[in-house]
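The values are calculated or read from the model by the stated rules, or taken from the named source; none is laboratory data. Note that the structure is a prediction, hence the values are computed from the model and not measured. Here the Cβ is made from the backbone with ideal geometry for all residues, glycine too, and neighbour counts use every protein chain on show.
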């Protein structure tokens, strides 16, 4: 046995208003928290070999992800830019073994996904509870990236095949276990495990035309016994055209009602990781100055279990980034989402609900790994003529400022 390696960088963190790095603080006011300290990552990594087989080993607290529909932490801080919060990695205490066989690569990981506490305490009903930094959930979703099952430990396998210079095929299989029994939403049977498996393909048909698609499924289990294996998958396909000055993409996806991988497959207005939807999405971007990015999607209910088959969610986005020369960059943005629910099992009747966001801001980068960011956003929610999702109209504004320096 031979090899060599080193220490991973020690990442310290300080918690403020968001509480943790993986949950959506929906319907809660922004507020200052007590200062808390934690380790983002802390471990050792080295390359070694056993019986002639080379591999890389990482031990300690480390971050890992496989894909948006499989194993990827959401970005729950859209108003701020921070690598620790935004990188998509799920952090765990355990180990990762990576094998490189040329055209194929295999990652095997196992770790503890709960009780990674910071230094603070929350007092609830007179009792002290520590704050977990990356709480992970999986299983059927509640439209806030909040799955049915709280995950305590995981074991996963991720196999990646290179397809020459044209593309890549990824296959994944993972066991996500909980120390707590919860009822299956269909039969009420006991559940303490979520098994996620599937794959995705990225392939370049030529220099400009690119194909991306995949399939993912999340089965509910009690130990080794299957509990829920139907209506719990997602599939997607995208075709994109990319050039130096502009790019465009058109896609289609279907996400069934009980799909619940611990991933990050997007936001439709104020609903995160939506399920029971099917439909088209598109993007058009102009990359010259100013940079203009346009997007749209049209979804309808897929099965009628959570959203009715006549229900629709339609969204539009437009963002402009203009570099004024030197260190200054100015931002303009607009987002509109229209919810038309005729009588969903989840939301009830909610006709003509519309929300708009208007954004203006700037970035100032004087150099020396420093950056100053300012954003002002106005939100305008119309609950519709017959009452809707939130029960009332809401309007408000949000000002965010961020100064950062890397060292």
- [ ] Go through the residues of the range 331-338 one by one and say whether even a single one is under 17 Å from residue 277 (Cβ atoms) and at pLDDT 85 or above.
- [x] yes
Task: Listing of strands (runs of 3 or more DSSP E) fully contained in the range 133-179 that carry 1 or more residues being modelled with pLDDT under 95 and buried (at least 22 other Cβ atoms within 10 Å of the Cβ) - done: 136-138
Task: Answer from 114, 98 - the residue that is out of contact with any helix residue (DSSP H, G or I) (no Cβ under 7 Å at 6 or more places or on another chain) and under 21 Å from residue 171 (Cβ atoms) - done: 98
Task: Among the candidates 5, 9, 43, residue that is at pLDDT below 60, farther than 22 Å from residue 74 by Cα and not in a loop (DSSP other than H, G, I, E, B) - done: 5
Open item on the list: Just to check your reading of the model, which residue among 390, 375, 332, 398 is more than 15 Å from residue 271 (Cβ to Cβ) and free of Cβ contacts under 8 Å to residues at least 40 places away in the same chain?
Closed with: 332
Open item on the list: Quick test of your reading of the structure: residue 66 fulfils all but one of (1) at pLDDT 85 or above; (2) under 21 Å from residue 104 (Cα atoms); (3) surrounded by fewer than 17 Cβ atoms within 10 Å (Cβ to Cβ). Name the failing condition by number.
Closed with: (3)
Open item on the list: Whether any residue in the range 282-294 is out of contact with any helix residue (DSSP H, G or I) (no Cβ under 7 Å at 6 or more places or on another chain), farther than 30 Å from residue 328 by Cβ and modelled with pLDDT of 95 or more is what I want to check.
Closed with: yes
Open item on the list: Could you check the range 215-225 and list, in sequence order, the residues that are touching a strand residue (DSSP E or B) at 6+ places or on another chain (Cβ under 6 Å) and without any contact (Cβ under 8 Å) to a residue 60 or more places away in the chain?
Closed with: 215, 217, 219, 221, 222
Open item on the list: Regarding the range 351-359, can at least one residue be identified that is under 27 Å from the mean Cα position of the chain (by Cα), over 30 Å from residue 303 (Cα atoms) and modelled with pLDDT of 90 or more?
Closed with: yes
Task: Residue under evaluation residue 30, criteria (1) at pLDDT below 85; (2) surrounded by 15 or more Cβ atoms within 10 Å (Cβ to Cβ); (3) in contact with a strand residue (DSSP E or B) (Cβ under 9 Å, 6 or more places away or on another chain), criterion not met - done: (2)
Open item on the list: With the structure loaded, tell me whether residue 348 is surrounded by fewer than 16 Cβ atoms within 10 Å (Cβ to Cβ), under 21 Å from residue 274 (Cα atoms) and modelled with pLDDT under 90 or whether it fails that test.
Closed with: yes
Open item on the list: Here is a check on your reading of the model: is residue 118 assigned to a strand (DSSP E or B), under 27 Å from residue 56 (Cα atoms) and in contact with a strand residue (DSSP E or B) (Cβ under 7 Å, 6 or more places away or on another chain)?
Closed with: no
